[in-house]
Amino acid sequence: MTVSIRAHHLLCILTYLGKGYTPSFVANYDRIIKRLNAGEDLWLIDGPDEICQPMLSEAGCHCHNDSVRQRDAQAAEAIGAALGKLLASGGALRLDRDSVMRLRQAFTSGEIQTACAGCEWQDMCSRIAKNKFRGCHLAPPA
């Protein structure tokens, strides 16, 4: 199986500590991280993904906004550059320990944080990175 994910959520999963918008959002996110830690591949998609699912029925859900699509485009470009590969919708990606370490280093340096500008979680994620990602749930197999 694969986890369907939009590009900017590749940034979000790096710093995920078990916090989120609602209890159902967090429970869903925990299940997704568990799957990634078990070695499932990612399938990059445009628009709302598996992480978005609990929010899609809420009024004012931001998951369809053009600003979020722009965030996805910025994230795909930056993450692709950091990993040395083209990231595009419909492509598969495996997150192993090496790629997560590479992405976390790029996140800490700010190299891939361009897509985070204006995100309500940006300050928290930056603090997590400065704290060397302690307590983060993503820990994929080698």
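Given the conditions (1) at pLDDT 95 or above; (2) in a loop (DSSP other than H, G, I, E, B); (3) surrounded by fewer than 11 Cβ atoms within 10 Å (Cβ to Cβ), which single one is not true for ARG127?
Here ARG127 clears every test but (2).
Conditions tested, residue by residue: (1) in contact with a His (Cβ under 9 Å, 6 or more places away or on another chain); (2) assigned to a helix (DSSP H, G or I); (3) touching a residue at least 12 places away in the same chain (Cβ under 8 Å).
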site	(1), (2), (3)
ALA78	no, yes, yes
LEU87	no, no, yes
GLN105	no, yes, no
ALA115	yes, yes, yes
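Which ones in segment 38-76 are in a helix (DSSP H, G or I) and either basic (Lys, Arg) or within 14 Å of ILE5 (Cβ to Cβ) (or both)? Can you show your working first?
The first filter runs over segment 38-76 and keeps only residues in a helix (DSSP H, G or I), leaving 53-55, 62-64, 66-76.
Within segment 38-76, GLN53, CYS63, VAL68, ARG69, ARG71, ASP72, ALA75, ALA76 meet the criteria.
Condition first: in contact with a helix residue (DSSP H, G or I) (Cβ under 8 Å, 6 or more places away or on another chain) and more than 13 Å from LEU10 (Cα to Cα). Now tell me which residues in segment 69-88 satisfy that.
The one that is in contact with a helix residue (DSSP H, G or I) (Cβ under 8 Å, 6 or more places away or on another chain) and more than 13 Å from LEU10 (Cα to Cα): LEU86.
Only residues in segment 19-30 that are within 19 Å of ALA59 (Cα to Cα) and at pLDDT below 95 count as the first member; pair them with residues that are surrounded by 12 or more Cβ atoms within 10 Å (Cβ to Cβ) and among the aromatic types (Phe, Trp, Tyr), Cβ under 8 angstrom, at least 6 apart or cross-chain, and list the lot.
Taking only residues 6 or more apart or on different chains, the pairs are GLY20/TYR29.
The values are calculated or read from the model by the stated rules, or taken from the named source; none is laboratory data. Since this is a predicted model, take the numbers as computed values, not measurements. Positions of Cβ are generated from backbone atoms using ideal geometry, with glycine treated the same way; all protein chains shown enter the neighbour counts.
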